[in-house]
Amino acid sequence: MNDKYSKWMFILFPAITMLLGWGLRGHIGGGPFGAMIPGAMVALSLSMLLKIPANLSAIIVVFGVVGIGLGGEMTYGQTLSFLRDSETMWWGVLATTVKGSIWGMLGASVLALGFVYNRLEKKTIVIAFLLLMFGMLMGFKLINEPMIIYFSDPANPRPESWGALLLGAVFLLAYLRYKVDKDEFKIISRFALFGLIGGGLGFGLGGFWFVIGSTLPEEVIFKSWWKSMEFTFGLLLGASLGYAAWLSRKELYLIGKEENKINTNLNIYSELGLTLLTGLLIYWIIPQNLEPFVEAASSEDGIFVSSLRAVTQILINYSFYGFILIVIIMYFPKLTWQIGITLTFCHAAIDLIRDNFSDLQGSSPIIAALWVVFLTLIVALLTAYFQRKNEIKRSMFLLLVWSTMTISYLEFLFTGRWNTSNMTIVEVFGRQYFVDLIFTVSALTITWIAIKSIGKTNPDLV
């Protein structure tokens with residue numbers, strides 16, 4: 001193998017990429033669907049460094065989208081509030097470290113499954129995800145719902161899911177340890193370990209920004225402690241995943257060179273139509289039909305209703321949405337780029353309209369939906385175009401970076417933060433534009449790396 005890229009390139013490129021992706025996640029899209037952004041970005045950065053063929057890279061992107069998205073189910077707003085009080089600070093540090101570790105471990109484990117996808121049977125992957133969801137259900141019932149260990153405010157309780165994600169990861173890894181070959185499990189367990197370390201350090205240390213902020217006077221100019229936490233979380237988790245990839249680079253390079261079993265025959269009209277149906281299923285049909293039932297059933301008693309509520313609790317969880325996405329790419333692999341890039345962008349577009357045009361949603365929901373479709377269609381057409389050309393991975397990486405950055409810039413315009421009247425130059429750049437400057441500098445940096453330092457990807461379609 002030709003070690004073209006240094007260890008530091010493997011660490012820094014994914015680190016800056018995930019710093020940007022994680023920052024955007026909290027800015028243009030929250031929850032698990034927003035966490036798809038850093039998942040897709042870091043998966044692409046690793047695939048480029050490892051020189052993995054484009055078809056397998058697309059699979060890895062979807063696994064990254066699903067894996068990193070899973071942790072977005074965790075609530076941590078109240079958890080971070082512990083860090084502002086000296087009496088609860090260390091409990092908050094423990095909580096953020098635990099939640100970050102679980103997020104990183106589970107996300108990295110699922111991401112690593114994408115790397116070894118060609119070596120696994122479809123049945124193995126399906127069972128692994130079913131066990132992950134079963135483990136989550138056990139975690140909800142045994143840890144989170146009884147509040148055995150509770151990391152939010154007991155006076156104003158919110159549903160937690162860190163225990164569900166922990167047991168989900170345990171069930172997933174236990175099954176893979178038994179089922180897959182030693183070499184494949186070594187890769188998966190390595191990613192899981194470094195994901196655990198990077199996630200724990202990223203969220204645990206990142207939380208200290210709130211500790212620092214609580215000690216400073218109210219008139220301090222810089223106050224972006226939440227974004228600083230997100231940037232730190234993304235930076236350290238991305239770095240740890242990059243280091244895991246560097247340690248596994250020889251094995252992953254050889255896997256990429258193996259015979260490609262991924263059949264991608266599908267015309268552009270079928271591709272766009274199936275992408276539309278997938279988006280409707282994930283973002284509208286399932287939530288609109290199942291979420292109201294779960295809310296209604298929450299006040300009902302009885303063994304049958306309780307059992308049904310427990311099952312539907314998983315069906316409206318991102319783990320089930322992710323399972324659907326994985327099953328779809330198994331049978332329609334041509335949709336991998338559309339799911340990884342277009343549907344990741346789509347939810348950012350949904351949040352843009354939802355956050356800034358609430359009146360339009362209420363009075364003209366069809367017009368609001370058409371704006372989402374219009375913005376998403378642009379990215380879908382570009383995705384379809386680029387996957388039929390050369391330089392696929394680099395093109396998809398740049399498309400995802402700058403399409404999500406476009407949403408960020410639109411948020412900037414719509415929220416009026418461009419108005420700097422009566423502000424000093426220090427206030428403008430130290431408070432008003434600080435986050436946007438970090439976004440822009442990070443996006444330009446990884447763009448330069450992707451074009452100049454990483455260079456060309458594979459000069460063919462696969």
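No lab work stands behind these numbers, since they all come straight from the coordinates. Computed from a predicted structure; not experimentally measured. Here the Cβ positions follow ideal geometry from the backbone for every residue, glycine too, while neighbour counts run over all protein chains shown.
W90 to A174: FRET efficiency via 1/(1 + (r/R0)^6), r the Cβ-Cβ distance, R0 30 Å, to the nearest 0.05?
It comes to 0.45.
Once you have the Cα-Cα distance between I286 and S358, take 0.36 nm times their residue separation minus that, and quote the gain in nm to one decimal. Spell out each step's value before the answer.
Working: separation 72, 0.36 × 72 = 25.92 nm, distance 2.19 nm.
Residue separation times 0.36 nm, minus the Cα-Cα distance, leaves 23.7 nm.
Could you point to the residue in T215, S86, M48 farthest towards the positive end of the chain's charge dipole, with +1 and -1 charges on the Cβ of Lys/Arg and Asp/Glu respectively?
M48
Tell me, what is the FRET efficiency for M138 and W418 to the nearest 0.05, using R0 = 60 angstrom and their Cβ-Cβ distance as r? It would help to have the intermediate numbers written out before the result.
Values: r = 49 Å, r/R0 = 0.82.
After rounding to 0.05, the efficiency reads 0.75.
Relative to the present Cα-Cα distance, how much length would full extension add between V327 and K452 at 0.36 nm per residue of separation? List each step's numbers first, then the result.
Numbers: separation 125, 0.36 × 125 = 45.00 nm, distance 3.60 nm.
Extra length available between V327 and K452 comes to 41.4 nm.
Do you know the relative contact order of the chain, to the nearest whole percent, from alpha carbon pairs under 8 angstrom that are 6+ apart?
Numbers: 725 pairs, mean separation 109.3, N = 462.
This gives 24 percent for the chain.
Obtain the nm distance between the two label points defined at S6 and L308 by a simple spin-label model: each point lies 7 Å from its Cα along the Cα-to-C-beta direction.
For the pair S6/L308, the computed spacing is 6.2 nm.
What's the FRET efficiency of F374 with S81 using the Cβ-Cβ distance as r and R₀ = 56 Å, to the nearest 0.05?
On the way: r = 39 Å, r/R0 = 0.70.
It comes to 0.90.
Show the residues, 5+ positions off or on another chain, whose built amide H is closer than 5 Å to the amide H of E160.
Under 5 Å from the amide H of E160 lies no amide H from a residue far enough along the sequence or on another chain.
Tell me the mean residue ellipticity at 222 nm calculated for the chain from its helices only (DSSP H runs of n ≥ 4, each -39500 (n - 2.57), averaged over every residue, nearest 500). It would help to have the intermediate numbers written out before the result.
Values: 21 runs with 322 residues, N = 462.
The per-residue figure over the chain is -23000 deg cm²/dmol.
Once you've got the Cα coordinates, tell me which of K51/K389; K122/K179; K334/K389; K123/K250; K51/K393; K51/K452 are over 21 Å apart. Display every interim value, and only then the final one.
Working: K51/K389 17 Å; K122/K179 13 Å; K334/K389 14 Å; K123/K250 27 Å; K51/K393 9 Å; K51/K452 15 Å.
From K51/K389; K122/K179; K334/K389; K123/K250; K51/K393; K51/K452, over 21 Å: K123/K250.
Using the Karplus curve 6.51 cos²θ - 1.76 cosθ + 1.60 with θ = phi - 60°, work out ³J(HN,Hα) for each residue of the range 272-281 in order, rounded to whole Hz, and write x for Gly and Pro.
5, x, 5, 5, 4, 5, 5, x, 4, 5
Only Lys, Arg, Asp and Glu count, each charged at its Cβ (+1, +1, -1, -1), so figure out the dipole size of the chain about its Cα centre, rounded to 20 debye. Show your work: numbers first, answer last.
Working: 33 positive and 30 negative charges, 348 e Å.
Charge dipole, the chain, about its Cα centre: 1680 debye, nearest 20.
Can you give the longest stretch of the chain with no exposed loop site, where a site means trypsin sites (Lys or Arg not before Pro) in a DSSP loop (not H, G, I, E or B) with at most 15 other C-beta atoms within 10 Å?
On the way: sites that count: K4, K223, K261, R388, K389, R417, K456.
Longest site-free region, per DSSP loop and neighbour criteria: 5-222.
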